[in-house]
1. Just to be sure before I move on: is A108 out of contact with any helix residue (DSSP H, G or I) (no Cβ under 8 Å at 6 or more places or on another chain) and part of a strand (DSSP E or B) in the structure I sent?
2. I need the full set of residues from the range 159-202 which are at pLDDT 95 or above and either farther than 21 Å from A108 by Cα or touching a His at 6+ places or on another chain (Cβ under 7 Å) (or both), in order please.
3. Which condition does Y158 not pass, out of (1) of a type outside the set (A, V, I, L, M, F, W, C); (2) buried (at least 21 other Cβ atoms within 10 Å of the Cβ); (3) in contact with a Gly (Cβ under 6 Å, 6 or more places away or on another chain), if it passes all the others?
4. What number of residues within the range 47-102 are closer than 23 Å to Y178 by Cα, more than 13 Å from the chain's Cα centre (by Cα) and among the small types (G, A, S)?
5. Do any residues in the range 178-204 that are over 26 Å from K128 (Cβ atoms) and touching a residue at least 24 places away in the same chain (Cβ under 8 Å) have Cβ atoms under 6 Å from those of residues that are of a type in the set (S, T, N, Q) and part of a loop (DSSP other than H, G, I, E, B), where the two are at least six apart or on different chains, and which pairs are they?
6. Quick check on my filter: what residues within the range 40-69 are among the aliphatic types (A, V, I, L, M) and exposed (fewer than 14 other Cβ atoms within 10 Å of the Cβ)?
7. I'm told D7 meets every condition in (1) buried (at least 16 other Cβ atoms within 10 Å of the Cβ); (2) modelled with pLDDT of 90 or more except one. Can you identify the failing condition by its number?
8. If a residue must be at pLDDT 90 or above, closer than 21 Å to I71 by Cα and not small (G, A, S), how many such residues does the range 99-129 contain?
Amino acid sequence: MNEFVLDPRVWPGVIVLISLLLLSRIFRSRLLSLFLLGVLFFHVLFFRDLPPRIPAGDNVLSPASGRISLIDTVNETRFLREESWRIRIFLALWNVHVTRSPMEGEVAYQNHVPGQHINVLLPESADKNESNWIGIRDDDGRISLVRQITGAIARRIYSDVEVGSIVGRGGKLGIICYGSTVELYIPKRLFSPAVRVGQRVKTGETVMGTWKEEAEA
């Protein structure tokens with residue numbers, strides 16, 4: 001079983017909620033106390049930071065935990081600048097919300113894009129919502145791009161890396177508070193997907209696909 005670890009950003013919310021619980025005792029409201037206990041439970045659940053069981057090899061790993069909702073190809077123009085696979089992962093409220101690197105390498109690109117906070121169940125949310133882009137490149141010229149996207153509940157993205165940071169395969173990139181959506185982009189010429197729409201994946205553990213031998217530096 002994975003060790004149960006919490007992201008340190010959980011504690012401000014814990015302190016606030018415990019303070020409110022103590023105040024609720026003044027009003028002797030059992031209903032309010034139960035409500036706050038429920039909120040506290042889910043708040044802690046959201047900030048789980050479970051160390052992944054990283055599989056051997058150099059296959060591409062899932063950057064998030066959740067369910068794959070889309071696999072298609074797009075012309076990615078921000079960092080990859082070529083036709084690329086796009087794999088979208090929907091994070092439910094109960095999923096681990098830590099985002100991890102799909103590959104080993106250096107953070108070569110990062111861009112936070114302000115936006116809306118539309119419900120992720122609506123198709124336009126992926127295009128209009130606030131997001132953070134993280135591009136990674138390794139010594140062999142292989143590249144990938146991870147996009148963290150907020151939702152109606154998720155309204156803050158914490159990034160634990162910056163341009164120039166070295167990340168390991170399955171290394172922590174950051175966390176989306178209360179989850180939403182994560183997208184993985186990899187050039188079509190370099191990558192062969194091994195997952196399907198509807199499949200459930202785990203961050204830093206599930207193999208998303210393999211690198212092609214003709215990867216160019």
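The values are calculated or read from the model by the stated rules, or taken from the named source; none is laboratory data. Only a predicted model underlies this, so the values are computations on that prediction, with no experimental measurement involved. Note that we place each Cβ from the backbone using ideal geometry, even for glycine, and neighbour counts take in every protein chain shown.
1. yes
2. Across the range 159-202, the qualifying residues are S192, P193, A194, V195, R196, V197, G198, Q199, R200, V201, K202.
3. Condition not satisfied by Y158: (2).
4. Residues that pass the stated criteria total 1.
5. Correct list of pairs: K202/S65.
6. A56
7. Going through the list (1) buried (at least 16 other Cβ atoms within 10 Å of the Cβ); (2) modelled with pLDDT of 90 or more, D7 breaks only (2).
8. Residues of the range 99-129 that are at pLDDT 90 or above, as a first pass: 99-114.
The next check asks that each one be closer than 21 Å to I71 by Cα; those that pass are 99-103.
With the extra rule that they be not small (G, A, S), the set shrinks to 99-100, 102-103.
Count: 4.
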